[in-house]
Amino acid sequence: MAHIPRDRVDEAGPWDTRPEPPIKSMPQADVSLRGIYEISKVLTAPARLEITLANVVNILPSFLQMRHGAIVILDAGGEPEITATAGNTHPPPSGTRRAIPQAVIDQIVATGTPLLIPDVRKSQLFEADLQTSSSNNDIPIAFVGVPVKAEHKILGTLSIDRVENSATGFRYDEDMRFLAMVANLVGRTIRLHRMLSTDRQRNVDEQWRPEKSLDEERTCSARRSHFKIDGIIGESAPLKRVLETVSVVARTNSTVLLRGESGTGKEFFAQAIHKLSRRRKKSFVKLNCAALSESVLESELFGHEKGAFTGAISQRAGRFELANGGTLLLDEIGEISPAFQAKLLRVLQEGELERVGGTRTLQVDVRLICATNKDLETAVVNGEFRADLYYRINVVPIILPPLRERPGDIPRLANAFLDRFNKENHRELAFAPSALELISQCYFPGNVRELENCVQRTATLARSRTITPSDFACKNSQCLSSLLWKGAGRSHGGNAIGELTQDKIIPVGSRPPTRRIGVSEGKVSPLKAGDPNDPALPRLTERDRLVDAMDKAGWVQAKAARILGLTPRQIGYALRRHGIEVKKF
C-alpha cells in the first residue's frame with residue numbers, strides 16, 4: 001500500500017500546486033468555486049497518481065476548516081492500496097493504526113453515502129481507534145467522509161476531521177457538498193489513470209505475444225462473450241468449465257441433458273445455450289414435466305384438435321409446434337411415466353407427431369434440451385426409465401456444480417440478488433463485508449434458489465441500510481433451511497418449529513452430517529469407511545475415500561453408497577466428477 005505524506009509532495013515536479021489562502025471575507029460559493037478550480041489543475045497535472053492524490057489532500061486546508069485529511073483508495077480486494085494524508089508532520093510508522101479506522105472505511109463503502117460524525121468520541125466506529133491512540137481524547141473532534149466513485153463503482157473514501165469549537169459555527173452541508181464534488185473529480189482521475197495503465201500493459205503484452213491461430217481467436221472470443229450471459233453470475237473454476245462447454249455445445253444442434261441438484265440454475269443454462277445458438281432468433285419454449293399429469297402433458301406437448309376431449313373447444317398447437325425452428329426445454333424429464341416415454345421417443349427420433357385427436361402427421365425441427373435432478377441411470381436399471389429414451393436424450397450431458405463447490409461466487413450472487421431487491425422495492429440496502437463473509441460459509445443445500453431466498457428474507461427484515469451478520473436468521477436460531485443439513489442427526493418425526501425453540505440449529509460454516517435418504521436412523525453409520533472428521537483415521541482425500549469404498553464393494557455403486565452413507569446417485573456424480581472409471585468384472 002502506497003502512503004504519501006505531506007512532506008514528500010515536492011516529488012511531483014518543480015511547479016507549486018498550492019494556491020494562496022482564500023480571502024476570509026469571500027462568499028462561500030466563491031470559495032468553493034475557486035477550490036474546485038485549483039483542485040482540477042492539480043488533478044490534470046502530469047504526475048504519478050500517488051503524488052496527485054497527496055497534492056489534492058494538501059490543498060484542502062486552503063478552502064476548509066480542518067485538522068487532518070485523507071484519501072484512501074482501495075484495490076480489487078477491498079484493501080487500502082493508496083493512502084494520501086495531510087496535516088501530519090511525519091508519515092505514520094509501519095504497523096501503526098491507519099489514517100482512518102477500517103470500520104469507518106467499511107461503513108462509507110458499504111452504504112455509498114457520506115458519513116458525518118459530530119464527535120468521534122461518541123461513535124462506535126472510532127472506539128478501537130481511540131483506545132490505541134496516545135493523543136488527548138478529551139478534545140471534541142468532528143469527522144466528515146464521502147465515497148470516491150466512478151461509473152457507479154466505489155473506489156475509496158475522502159475524509160477530513162477538525163476540532164469542534166462552540167464559538168465557531170460550521171456549515172456541514174456546504175462542506176459535504178464541496179467534498180462530494182472533489183471526490184467526484186478524484187474518482188474520474190483514478191479511473192482514467194487505471195485505464196491508461198491497463199492500455200499500456202495490453203500494448204506491451206501484444207508486442208511480445210506470438211500470433212494466435214484463427215481457431216484460438218474464435219475460442220477466446222466465445223469465452224469472453226459467454227461470461228456475460230444474463231442470469232449466470234460467477235467467476236469460479238467449476239462454473240467457467242460449464243460455461244466453456246455451453247459455448248461449444250450451443251453451436252450445434254445436439255440434444256443436451258442438464259444434470260444437477262435442485263436450484264443450480266438449469267433453466268438459465270438452457271436459455272444460455274439457446275441464446276448462443278443459431279436458433280436464437282426463434283422461440284425458446286419450456287415445460288415442467290413434473291407439474292402435469294400424463295394426459296395433460298400429452299396435450300401440452302403435442303397439441304390437440306377441437307373436440308378431442310371434454311373441454312377441447314378449439315384447436316391448439318403444442319409446445320413442439322411452438323418451438324419449431326427454436327429450442328424446447330423439458331424440465332424434470334425423469335418424472336414422466338413409462339407410457340408417455342414411448343410417445344416422446346418417436347418425436348425425438350423421427351421429428352414427427354400428431355395432435356391429440358388428430359390424424360395429420362406434423363413435421364417439427366426442434367433443438368431439445370432436457371433437465372433433471374434425478375439419477376436416470378438408477379431409474380433405467382430399476383425399469384422406471386426407458387433405456388432407449390435415456391440414450392436419445394443423454395447425447396451431451398452437462399453436470400451443473402452445486403453452490404457449495406463454488407463458494408467464491410456467493411458474494412457476487414448475493415449482491416446481484418440484493419440489487420434486484422433494491423430496484424423492486426425502492427430501497428438502498430448494502431451488505432457489510434462481514435455479512436458477505438458469513439454467508440460465504442453457509443452450505444446452502446437449496447443452492448442458488450436458497451441463497452436468493454435468504455437474501456430476500458434478510459433484506460426484508462433488515463433494521464438499517466447496511467446488512468450485518470446479526471440480520472441473518474441463522475444468527476438468531478431462526479433458519480429452518482439449516483434443518484436440512486442435519487441429516488441423520490434429526491428424527492424423522494420431529495417438529496421443525498419446535499427444534500428452533502430448542503436452539504438445535506447447526507452453526508453457520510459447519511458441514512452437514514451425511515445419511516442415506518429413506519433409511520431410518522441407526523441402521524447405517526454414515527461415513528464409517530472414511531469420515532474426514534474422525535481424528536483416528538488418516539487424512540484421505542474425497543477421491544481416495546471413494547476409490548477405497550468402491551474397492552470394498554467390488555465396484556458396485558449401490559454397495560459403495562451404503563458404505564459411505566450416500567445415495568447411488570451421489571456416488572455416480574462423485575465418480576464422474578473425479579474422472580474415476582468404473583471397473584467391470
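Annotations
- Backbone phi angles across region 46-55, fed through the Karplus curve with coefficients 6.51, -1.76 and 1.60 (θ = phi - 60°), yield HN-Hα couplings of x, 8, 5, 4, 4, 5, 4, 5, 5, 5 Hz in residue order; Gly and Pro are listed as x.
- Extension gain, ARG360 back to GLU428 (0.36 nm per residue minus Cα-Cα distance, nm): 18.7 nm
- Segment GLU294..GLN456, full-extension length gain: 54.8 nm, with 0.36 nm per residue of separation and the alpha-carbon distance subtracted.
- Relative contact order of region 222-399, taken over Cα pairs closer than 8 Å and 6 or more residues apart, is 29 percent.
- Each label was represented as a point 7 Å from its Cα along the Cα-to-Cβ direction; for SER197 and SER262 these points are 4.8 nm apart.
- Here the relative contact order of region 331-429, from alpha carbon pairs under 8 Å that lie six or more residues apart, stands at 26 percent.
- In order through region 463-469: 3J(HN,Hα) via Karplus (6.51 cos²θ - 1.76 cosθ + 1.60), integer Hz, x for Gly, Pro: 8, 9, 6, 10, 7, 10, x
- Long-range amide H partners of GLU81 with built H, under 5 Å: ILE73, LEU74, ASP75
- Cross-link pairs LYS122/LYS423; LYS149/LYS275; LYS374/LYS552 - those with Cα-Cα distance over 28 Å: LYS122/LYS423; LYS149/LYS275
- Between VAL248 and THR310, the modelled labels are 5.4 nm apart [label points 7 Å from Cα along Cα→Cβ].
- Karplus 3J(HN,Hα) series, Hz, for region 344-349 with 6.51 cos²θ - 1.76 cosθ + 1.60 (x for Gly, Pro): 5, 4, 5, 5, 5, 7
Values in this text are rule-based calculations from the coordinates and carry no lab data. Nothing here was measured: the structure is a model prediction, and the numbers come from that model. Virtual Cβ from ideal backbone geometry, glycine too; neighbours counted across all protein chains shown.
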